[in-house]
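Okay, so here's the structure we're looking at.
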Amino acid sequence: MAETSGQPIRIGVDAIRDRKGGTPIVCLTAYTYPFARLLDDHVDLLLVGDSVAMVLHGHATTLGASLDMMIAHGKAVMRGSSRACVVVDMPAGSYEDSAAQAVASARRIVAETGCQAVKLEGGVEMAGQIAAIVAADIPVMGHIGLQPQSVESDGGYRIKGRTEENVAALLRDADAVERAGAFSLVIEGTVENVAADITRRISIPTIGIGASRDCDGQILVIDDMVGLTVDRVPKFVKEYADLRGVISHAAARYAAEVRDRTFPGPEHVFSAKKKEQP
Ligand code: KIV
């Protein structure tokens with residue numbers, strides 16, 4: 001990270017691209033101001049993923065995300081961070097129809113949030129959109145392999161790279177995203193050695209999720225990583241904390257103290273005499 005007069009400068013997409021083959025790039029999703037504040041010192045990149053639709057808004061799939069939703073969460077994450085490179089996901093329906101639609105949506109995201117880059121799902125079939133956004137001077141992160149926005153048309157969350165035909169398609173996708181000018185590529189839910197082969201094959205960094213430790217970086221959904229996810233936790237997640245347990249224990253203690261009138265205690269109430277701050 002560069003610094004001028006004590007002010008940290010955000011990690012840019014060029015610095016992320018330059019990490020190809022170097023120290024692994026640490027990425028997490030973030031959707032809110034407090035999480036961005038807590039994570040900013042520890043990560044290289046924060047992704048405002050369209051997983052926000054499931055994680056915070058309770059939708060069944062990421063198809064519940066809208067451009068307005070992504071922009072609102074993008075603004076919160078930008079307010080809460082000063083160091084990490086911030087990438088905002090383009091939601092389903094905001095880019096697939098045409099290059100013009102993709103550029104207009106990407107311009108809106110960057111203008112309203114101030115983020116460094118956008119991410120979109122798709123390989124060969126989205127290369128035109130990626131090239132057009134990059135030509136409009138907006139950096140793009142690609143996303144291939146398991147693509148959650150296609151989960152309905154795909155018939156569920158299916159791991160990629162298990163047939164020769166699919167491996168060939170993944171290699172074509174990775175090449176197309178690189179050629180279109182993306183600065184990095186998320187590989188999700190893909191057989192380990194295929195993700196490692198793609199990482200060796202292309203010159204931009206790969207960011208793995210359910211992929212391979214040989215990727216140039218890793219990303220997890222923050223709520224999965226800290227043990228906050230209340231529904232199914234995918235196999236590729238490692239829970240580094242148990243915030244579900246911490247929150248339900250705190251709620252149980254609070255409920256008991258409200259019911260037996262031990263909360264609020266004398267230290268939590270105001271007397272008529274002293275001038276106190278709330
Ligand atoms: O939306 C998201 O959280 C993502 C990551 C899983 C890469 O796209």
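Below, the figures for the structure above:
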{"read-out": "Tally, over the stretch 52-63, of residues that are surrounded by fewer than 18 Cβ atoms within 10 Å (Cβ to Cβ) and within 17 Å of Thr32 (Cβ to Cβ)", "value": "4"}
{"read-out": "Selection count, the stretch 38-56, where residues are within 8 Å of the ligand (Cβ to nearest atom) and in a loop (DSSP other than H, G, I, E, B)", "value": "3"}
{"read-out": "Residue list for the stretch 79-117, restricted to those being in a helix (DSSP H, G or I) and touching a residue at least 40 places away in the same chain (Cβ under 8 Å)", "value": "Arg79, Gly80, Arg108, Ile109, Glu112, Thr113"}
{"read-out": "One residue from Ala65, Ala72 being more than 10 Å from the ligand (Cβ to nearest atom) and either in contact (Cβ under 8 Å) with a residue 60 or more places away in the chain or over 11 Å from the mean Cα position of the chain (by Cα) (or both)", "value": "Ala72"}
{"read-out": "In the stretch 125-158, the residues that are aliphatic (A, V, I, L, M) and surrounded by fewer than 16 Cβ atoms within 10 Å (Cβ to Cβ)", "value": "Ala135, Ala136"}
{"read-out": "Selection status of Tyr31, part of a loop (DSSP other than H, G, I, E, B), touching a His at 6+ places or on another chain (Cβ under 9 Å), hydroxyl-bearing (Ser, Thr, Tyr) and surrounded by 20 or more Cβ atoms within 10 Å (Cβ to Cβ)", "value": "yes"}
{"read-out": "Residue within the stretch 94-103 that is within 14 Å of the ligand (Cβ to nearest atom) and of a type outside the set (Phe, Trp, Tyr) present", "value": "yes"}
{"read-out": "Helices (runs of 4 or more DSSP H) within the stretch 191-278 that include 2 or more residues under 29 Å from Glu165 (Cβ atoms)", "value": "192-201"}
{"read-out": "Candidate set: the stretch 171-190, residues that are within 16 Å of the ligand (Cβ to nearest atom) and part of a helix (DSSP H, G or I); chosen: the one surrounded by the fewest Cβ atoms within 10 Å (Cβ to Cβ)", "value": "Asp173"}
{"read-out": "Residue that is farthest from the ligand (Cβ to nearest atom) [pool: residues in the stretch 137-168 that are hydrophobic (A, V, I, L, M, F, W, C) and farther than 18 Å from Ile204 by Cα]", "value": "Ala168"}
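Each reported figure results from applying straightforward, stated rules to the coordinates on display, with no laboratory input. All figures in this text were calculated on a predicted structure; none of them were measured in a lab. Cβ coordinates were reconstructed from backbone atoms using ideal geometry, including for glycine residues, and neighbour counts include every protein chain displayed.
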